[in-house]
Amino acid sequence: MSIPRDFARGIAPGPNRSYAPPPIHAAAWGTWLAAVVVVLAVTRNPLYLLFTLTWIGWATLLVNRIAQNAAPGADTLGLPPVQFSPLTFGLVVVTLSALFNGLNVHVGTHVLFRLPRGWPLIGGPITAEALLYGALNGLALTGLFAAFVLLNRVVPVRNLVRLAPRAFYPVAVVVTIAVTFVPATVRQFASIREAQAIRGHRVRGMRSWLPLMLPLLIGGMERALQLAEAMMARGFAAGDEQPQSTLWVRAALILGMVALLAGMLLHLVWRMPVWGPVLLLVGALLIGGAVWRMGQGQTYTVYRPTAWRVQDSVICGGALLTALAFLVELPGLARTSALYYPYPALTWPQLDLGMGLSTWGLLPPVFVLLWSLAKQDGPANGADVSDVSEQ
Amino acid sequence: MTRTSTLATWMSGAIFLLATLMGLVAFLYPFWVPALAQSGNTGLAHSQDAPYVLALLTGICFVVLLLEVQGAGMSAKTVALLGVLISINSLLRFVDLAVPGPGGFSPIFLLIILVGYIYGPRLGFLMGALTLLVSSIITGAMGPWLPYQMFTAGWIGMSAVICRPLVGGLGMRGRLGEVVVLALFAGLWGLLYGVIMNIWFWPFVVGTPDQYWEPGIGGMQTVQRYAVFYAVTSLGWDLVRMAGNVVLLLVFGGPVLRVLQRFQRRFTFVYSPVSQPVSQTVSQANDA
Amino acid sequence: MQPRQPALRHSFTGVIDGAAGAPAALPSAVDFRQVRYTYPEAATPALDQIDVQLPEGELIVVVGPSGAGKSTLLRLVNGLAPHFSGGHLQGSLRVLGLDPVVATPRLMSREVGFVFQDPENQFVMDRVEDEIAFALENAGMARQEMRIRVEETLDLLDLAPLRGRRLDMLSGGERQRVAIAAALALRPRILVLDEPTSQLDPKSAEDVLAALVRLNTDLGLTVLLAEHRLERVLPYADRVLYLPQEGAPRLDTPRALLGDEPAATTIPVALSPPLVRLAKTLGWEPLPLTVKEGLAWSRQLRVPTARGAQPPVAADTQPILSTHNLHAGYGDCPVLHGTDFAVRGGEIVVLLGRNGSGKTTLLKSLVGLIRPQRGEVRLQGVSIKGKDVADICRQVGYLPQDPNQLLFADTVAEEMAITLRNHGYDPRGYDLPIAPQTLLERLGLAHKAHAYPRDMSVGERQRAALAAILVTRPQALLLDEPTRGLDYAAKARLRSLLEEWRGEGMGIVIVTHDVELAAEVADRVVLMSQGEIIADGDPYTILGSSPLFASQVARLFPGTGWLTVEDALDYFRGQTHAPYATDDYPDEGA
């Protein structure tokens, strides 16, 4: 019961400055995230993992500092995030995953202790190798989580929504409305709770939530009708005028799916060297074409596009290089060093200088954040510096 | 005209079917890819791109479903309705994120299932998928699991439509039986959701197939191991979710169903304005 | 192959010629002929054989009792009816030469801007600027053009300082101005507004109306406005379209429509502002529409200098509810600073004050929704400390601003049963505080006992909420903005109910911005500002002297202590030699 009240407080009017556009384009962040996912999926080399996690952590810290300095509510929903911090998440997941792997996989030379053979699955030698490998898996997962959390914090919803292809304009509007209506829904809920309390309602057991949920739902649907009317009055494409997916588009989708399915089977099961990938490509192109064709039917334009700057190109370039190094054998880089196994006996992870450097491709966002922090701190920091010099 | 629309219906069905099939194949890869990897003699090298190919395929499947689902033309009404309902449902998600007690219980499935049941598979899919998207945006619980959650929740909403013939066949529309059927359906999905949600996580725990230790392990063994993993890590939570869903539907299902039905007519209608001859004569008089 | 649809736009070149300035020569912005429209599954048409021709460039106010089809008529202008609501439409419609049904709302949005009642529910985006651009984006306008349009529109409504603000942090009036801006972004030639100020406090309402007047006079924008605050808009209205419950609508100048012709074709007394009612009774000709015009007449009248203060309601009896040095607020920002307030049985206390002056906070503190930080609240002389809201509310009824938030059951009767069960009564038992059916009869809802509350009119819904609250027969009733969104008939009904309950000894507290309501029912008026009570006394002293909260009649006859039309008429009827006194005193009940 106390949760919604907290939200209501979060939404309470506060300083409300106009917002500055984020310094990095949403698509650049997206590319960066994709590269992080590739690296973390491919490598279990603790050194590379640590590099990557460090860059993510650094960026997170910088974002935290920027957020502290900014006006409260400047460009957030005003809702307190409830998610656990990546640090907590990491501790739990690394521990769990080390335990699980350690108890399940009885391979390795460094035996720590033995569980009785008779215990199903977990019986047998418990090895340092298995524990370590589990922990590394947990570390990769933590990195993924932290990267997503970071993205969620730095990219405003509206910019994220605009990344959607034109064909998905209606869905994008749905998401925009849903996010826009959150504060109003919270307020509604708070006043419904009051309204029900004054007619003697008490929260006791599950059924007593009905008097709170039903008015919210009914009121919400009534509001939806009014909103729909308002949208139509301002020229939002009504059902009959929106491009329907034509038979051709549907045919392309079906053919594309069939091609993908066949391509997948050929490539992964029967291992046809040429036909598999070709069919996969054809399928993807057909579906991409269908999406593009549907997008053509949407006539809307965008009022405020976020500018694509040099820094965005740099971020994308760096991320692509990193992803490439971890996906494909590049001359001069020992990609195999990324595929580290502790089994059958613990070894020191191999550090290939080139591969290590290639994770630095994930660094440009950190530089951009540092730069914008410095800009933001400008006058305020001046005072700090003079304080320090006096001491 | 009718032939075209029948064809369109068939095509639409085919798309749903293919996307679901491919989604399943891609979701379940940890079980069959390792089996392939060790049955062939070319070794592991070739199938090492399997996870990426399959992740991409999952994404494409989702895009296709989304396109097909909204392709039938979303009106301002459906867009606004979904937007508002998703915003309500996303706030409900705070309950399962912020209240530590009830394990895997989450109240979001109630509306997803009922919207799918009443308003059809298209809105059901969007309701499921977008609830997960929006709620993870506003709660900050966005993670690598998000695409899988969206896909699965979309399936839940989409599949709720199969309760319609079930309820209709048993002649229970508008009666308690209707809610019971929906509650059982919700319970089933409560469990399945957990099973599916764990699969994306699984390769991280055991490693991707190219790093798979113990080459002797086959498909069956993977399933077995997954079962243990699942029983240890999630079964408890998922049982709570299952029970929660059943109770949720039993307690709230009836009243919420009535509300959704009450609004059904207002959100879907066909209008037929009739221009009478009188309008002709008047407009002619106007022009003259 | 069918021939293509002929051009939608008619040519008006033949009409706009030399006759400069003559209103009759201007083309019609809206031309409806023999329009009949029936909502789906409705037995009778909402509009029946309507003929309306509205000239371009004027500010036209649409007036009529609720249920006469005002909203429907407005929605026909941009095609929302029937495109949004379905139903059956006959007749010929032309809006700027376009047929809105053929053109669809999407195309009509370029010619007709539409603003709705509730500012909360018409926004898609979360920022002012993005919201204004939404219509432009839908129209597929080029970005450069769009930027210019947004800038222009922001300036037009003085919204530039708010451009980056979040919409949910704006006040109601600001939001409604954003809604107008968003409707004007496409530069439509007609702006249609459906009771845009009904959810606003008077100050915000005035801002919005002022903006409309400016748009009309500066830009020549055709404004079509449904509005029940006639006293505010009449002075600016070029014409009034009166839509009666039965019969043909009439379009004329405000004076003509309010004049003394046969009742069927003029606006009934119940819908007129107090000034007009008084002026008609006293036979002031031409009819004054503003207080300034009315003062020219009222100054010529001999009126008493002051009215003796009313005896206060037995101040020695124990109050039902009282606060003592109450400090309360939200979180760590206190709103009330040491408030002493009391309400006794058999009196109606009206709380007036600006937005944010602490009125609602005081009301919520009285029922325990907000707990005191210091001081205490007493119910029947006993502190409410430690009692929960449900217990307090058995004895104190509270009607929240939006009665919709109470109602969720399938029938009105069920709503009452839920409250009874909440308080531990058996709804079918014999020991109920009041028989539900009796209560419904008194509220005039006996025939609606089994209706779905959400399908009823605003006034009926409010009374259904009252039924759900009063079924425990509380001794005190608190109402938060009870006249918001009500039309004149519903207001009159509420007023007589309140007076009836007062007669039975109930203590009533009303928080409102509605000065005329305060003038009519208050026994005591309490003025609040910045969390403090700055005045507390009988309405004649407070409403008669304060320029901010004075009713129209008080402004016409300063120093007399008169507040309502009845106060003035009572005096004039007593004066046999009063020059303007007449016998045809309008019957209020009608």
task = Collect the residues in the range C:119-157 that are surrounded by fewer than 22 Cβ atoms within 10 Å (Cβ to Cβ) and small (G, A, S), keeping them in residue-number order.
result = C:A139, C:G140, C:A142
message = Condition first: modelled with pLDDT of 80 or more, within 11 Å of chain A (Cβ to nearest Cβ) and out of contact with any strand residue (DSSP E or B) (no Cβ under 9 Å at 6 or more places or on another chain). Can you find one or more residues in the range B:38-57 that meet it?
response = yes
ask   = What about A:F181, is it at the interface with chain B (Cβ under 7 Å from one of its Cβ atoms), buried (at least 24 other Cβ atoms within 10 Å of the Cβ) and outside any helix (DSSP H, G or I)?
value = no
query = Would you call A:T142 at pLDDT 85 or above and at the interface with another protein chain (Cβ under 7 Å from one of its Cβ atoms)?
reply = no
message = Please count how many residues of the range A:201-212 are more than 7 Å from every other protein chain (Cβ to nearest Cβ) and free of Cβ contacts under 8 Å to residues at least 24 places away in the same chain.
response = 5
task = Inspect all residues belonging to the range C:265-283 and state whether any of them is of a type outside the set (A, V, I, L, M, F, W, C), farther than 19 Å from C:E195 by Cβ, surrounded by fewer than 17 Cβ atoms within 10 Å (Cβ to Cβ) and modelled with pLDDT under 80.
result = yes
Selection within the range C:71-124 - more than 8 Å from chain A (Cβ to nearest Cβ), small (G, A, S) and not in a loop (DSSP other than H, G, I, E, B) = C:S71, C:A81, C:G91, C:S92, C:A103
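Can you pull out every residue in the range B:199-253 that is at pLDDT below 75 and outside any helix (DSSP H, G or I)?
Let us first name the residues in the range B:199-253 that are at pLDDT below 75, namely B:200-226, B:228-229, B:232-233.
Those that are at pLDDT below 75 and outside any helix (DSSP H, G or I): B:W200, B:F201, B:G207, B:T208, B:Y212, B:W213, B:E214, B:P215, B:G216, B:I217, B:G218.
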inquiry  = Just to be sure I understand the filter: pairs with C-beta atoms under 9 Å, separated by 6 or more residues or on different chains, first member in the range C:138-149 and facing another protein chain (nearest Cβ under 9 Å) and within 15 Å of C:R110 (Cβ to Cβ), second member loosely packed, with under 14 Cβ neighbours inside 10 Å and of a type in the set (A, V, I, L, M, F, W, C). Which pairs pass?
reply    = C:M146/A:V302
message = Taking the criterion of being on the phi > 0 side of the Ramachandran plot and small (G, A, S), would at least one residue in the range C:384-405 satisfy it?
response = yes
message = Quick check on my filter: what residues within the range A:317-351 are surrounded by fewer than 20 Cβ atoms within 10 Å (Cβ to Cβ), of a type in the set (A, V, I, L, M, F, W, C) and either closer than 21 Å to A:L132 by Cα or in contact (Cβ under 8 Å) with a residue 60 or more places away in the chain (or both)?
response = A:L320, A:L327, A:L339, A:A345, A:L346, A:W348, A:L351
request  = Looking at (1) in a loop (DSSP other than H, G, I, E, B); (2) more than 23 Å from A:R158 (Cβ to Cβ), find the lone condition where C:G164 falls short.
outcome  = (2)
ask   = Which condition does A:I198 not pass, out of (1) more than 7 Å from chain B (Cβ to nearest Cβ); (2) free of Cβ contacts under 8 Å to residues at least 40 places away in the same chain; (3) surrounded by fewer than 23 Cβ atoms within 10 Å (Cβ to Cβ), if it passes all the others?
value = (3)
Residue that is surrounded by the fewest Cβ atoms within 10 Å (Cβ to Cβ), among those in the range B:10-37 that are modelled with pLDDT of 80 or more and over 18 Å from B:W155 (Cβ atoms) = B:W10
ask   = Just a yes or no: is a residue in the range A:118-133 surrounded by fewer than 17 Cβ atoms within 10 Å (Cβ to Cβ), among the hydrophobic types (A, V, I, L, M, F, W, C) and closer than 25 Å to B:W200 by Cβ?
value = yes
Verdict on B:V256 being crowded, with 19+ Cβ neighbours inside 10 Å, within 14 Å of chain C (Cβ to nearest Cβ) and either at pLDDT below 85 or within 30 Å of C:A42 (Cα to Cα) (or both) = yes
ask   = Inside the range B:117-173, can you point out the residues that are surrounded by fewer than 22 Cβ atoms within 10 Å (Cβ to Cβ) and charged (D, E, K, R)?
value = B:R164, B:R173
task = Hey, can you tell me all the residues within the range A:57-108 that are at pLDDT 85 or above and small (G, A, S)?
result = A:G57, A:A59, A:G90, A:A98
ask   = Filter the range B:5-17 for residues that are touching a residue at least 24 places away in the same chain (Cβ under 8 Å) and hydrophobic (A, V, I, L, M, F, W, C); which is nearest to the other protein chains (Cβ to nearest Cβ)?
value = B:I15
request  = Filter the range C:538-568 down to residues that are in contact with a Phe, Trp or Tyr (Cβ under 6 Å, 6 or more places away or on another chain) and on the phi < 0 side of the Ramachandran plot and give me whichever is surrounded by the fewest Cβ atoms within 10 Å (Cβ to Cβ).
outcome  = C:A568
key: Selection within the range C:358-403 - in a loop (DSSP other than H, G, I, E, B), under 32 Å from the mean Cα position of the chain (by Cα) and either of a type in the set (D, E, K, R) or more than 14 Å from chain A (Cβ to nearest Cβ) (or both)   = C:G358, C:R371, C:D402
request  = Specify the residue that is modelled with the lowest pLDDT; the eligible residues are those in the range C:442-495 that are β-branched (V, I, T) and surrounded by fewer than 24 Cβ atoms within 10 Å (Cβ to Cβ).
outcome  = C:V458
remark   = All conditions in (1) more than 22 Å from the chain's Cα centre (by Cα); (2) of a type outside the set (A, V, I, L, M, F, W, C); (3) in a loop (DSSP other than H, G, I, E, B); (4) over 27 Å from C:V367 (Cβ atoms) are true of C:T472 except (4)
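Among the helices (runs of 4 or more DSSP H) contained in the range A:222-335, which hold 3 or more residues that are within 12 Å of chain B (Cβ to nearest Cβ) and in contact with a Ser or Thr (Cβ under 9 Å, 6 or more places away or on another chain)?
A:247-264, A:275-296
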Identity of the residue in the range C:411-424, within 7 Å of another protein chain (Cβ to nearest Cβ) and not β-branched (V, I, T), that ends up surrounded by the most Cβ atoms within 10 Å (Cβ to Cβ) = C:N422
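The values are calculated or read from the model by the stated rules, or taken from the named source; none is laboratory data. As the structure is a computational prediction, the values presented were derived from the model and not from experiment. Heads up, the Cβs are rebuilt from the backbone with ideal geometry, glycines too, and the neighbour counts pull from every protein chain shown.
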